[in-house]
Structure formats: C-alpha cells, structure tokens
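Structure record follows, encoded as structure tokens.
The values are calculated or read from the model by the stated rules, or taken from the named source; none is laboratory data. Small disclaimer: the values here were computed from a predicted structure and weren't measured. Cβ placement follows ideal geometry from the backbone for every residue including glycine, while neighbour counts extend to all protein chains displayed. The area values use the complete protein model at the heavy-atom level, side chains included, leaving out ligands, DNA and RNA. Shrake-Rupley method; radii C 1.70, N 1.55, O 1.52, S 1.80 Å.
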Amino acid sequence: MSGEILFLAHRIPFPPDRGDKIRSHHLLLELARLAPVHVGCLFDDPGDVAHVARVEAIAASSCVVHRRKPLALAGVLSFLCGEPVSLPAFHNAQLAQWVEQLLASGRIGAVYLFSG
C-alpha cells in the first residue's frame, strides 16, 4: 500500500471494553502495522478523555472530539432536514476541518471508516 491511512470512527477505540471498541481497537492496531495512521474519532463519555493519550501513542496524528449533541436533538434535526439521524448526531465541524486538511495534504493513500 502506498501512502498513509486515515482511520475514522464514531467512538474512540479505547478502552477495548465493549463490542464496537474491541473491533475498532484491533483494526486500528493492525492498520498501524501497515502504515502511519491518522485517527479521527468522537467520544461521548467524559471518562474517555483519559484514553486520548493511548490514541495519540499509536497515531501519526489524531483529532478526538467530544460528541455533545443529544440523540433526541439529532433526531429532531434529522427529521426536519430529511437526513439520517447519524448525520446530525455525529457531525463535528472541528473533525470535518481536520479531515479536509489531512486529505488536502496528499499523504493519505487509504481511508478506513469504522462504525458499529
């Protein structure tokens, strides 16, 4: 494979203590063996802040942001806009800007999107 990897996930892959985090954790570790990995993900549990350093230790760069929008609000917004609930629930302007800049750098050869 040529280039670096962009790994995007709906939830921080640490700690690997539940189904989706276990899968994303192992996938991230394997991808990091292939090439430098840039990790973009969200967290909704304030306790997950303690695990950001583990992401940073594996990643060439990272953008880990707090998902603050309640799912009920995302549901209302999705209904009003005619979009799937996941779009307003997981959209984050900071993460989107980070992804755009990284893609524009020309270093990314592959993108892996993980969603439970």
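Could you say whether any residue in the range 71-82 is part of a helix (DSSP H, G or I) and among the aromatic types (Phe, Trp, Tyr)? So far as the range 71-82 goes, yes, one or more of its residues are part of a helix (DSSP H, G or I) and among the aromatic types (Phe, Trp, Tyr). Inside the range 60-75, can you point out the residues that are of a type in the set (A, V, I, L, M, F, W, C) and either open to solvent by 40 Å² or more (accessible area, probe 1.4 Å) or at pLDDT below 95 (or both)? Ala60, Leu71, Ala72, Leu73, Ala74, listed by residue number.
List pairs: first in the range 16-41 and free of Cβ contacts under 8 Å to residues at least 12 places away in the same chain, second among the hydrophobic types (A, V, I, L, M, F, W, C) and not in a helix (DSSP H, G or I), Cβ under 8 Å, 6+ apart or cross-chain? The qualifying pairs are Lys21/Ile12; Lys21/Phe14.
Across the range 32-49, not a single residue is classified as in contact with a Leu (Cβ under 8 Å, 6 or more places away or on another chain) and part of a helix (DSSP H, G or I). Here is a list of conditions, (1) touching a Ser or Thr at 6+ places or on another chain (Cβ under 9 Å); (2) at pLDDT 95 or above; (3) not charged (D, E, K, R), and Pro88 meets all of them except one; can you say which number that is? Unmet for Pro88, out of (1) touching a Ser or Thr at 6+ places or on another chain (Cβ under 9 Å); (2) at pLDDT 95 or above; (3) not charged (D, E, K, R): (2).
Only one of the numbered conditions (1) in a loop (DSSP other than H, G, I, E, B); (2) open to solvent by less than 40 Å² (accessible area, probe 1.4 Å); (3) modelled with pLDDT of 95 or more is violated by Gly106, and that is (2).
Of all the listed residues (Ala89, Ala96), the sole one being part of a helix (DSSP H, G or I), open to solvent by 30 Å² or more (accessible area, probe 1.4 Å) and at negative phi is Ala96. For the range 1-20, which residues satisfy the criterion of being surrounded by 17 or more Cβ atoms within 10 Å (Cβ to Cβ), among the aliphatic types (A, V, I, L, M) and part of a loop (DSSP other than H, G, I, E, B)? The one that is surrounded by 17 or more Cβ atoms within 10 Å (Cβ to Cβ), among the aliphatic types (A, V, I, L, M) and part of a loop (DSSP other than H, G, I, E, B): Ile12.
Filtered by the rule that a residue be open to solvent by 10 Å² or more (accessible area, probe 1.4 Å) and of a type outside the set (A, V, I, L, M), the range 33-47 gives Arg33, Pro36, Phe43, Asp44, Asp45, Pro46, Gly47.
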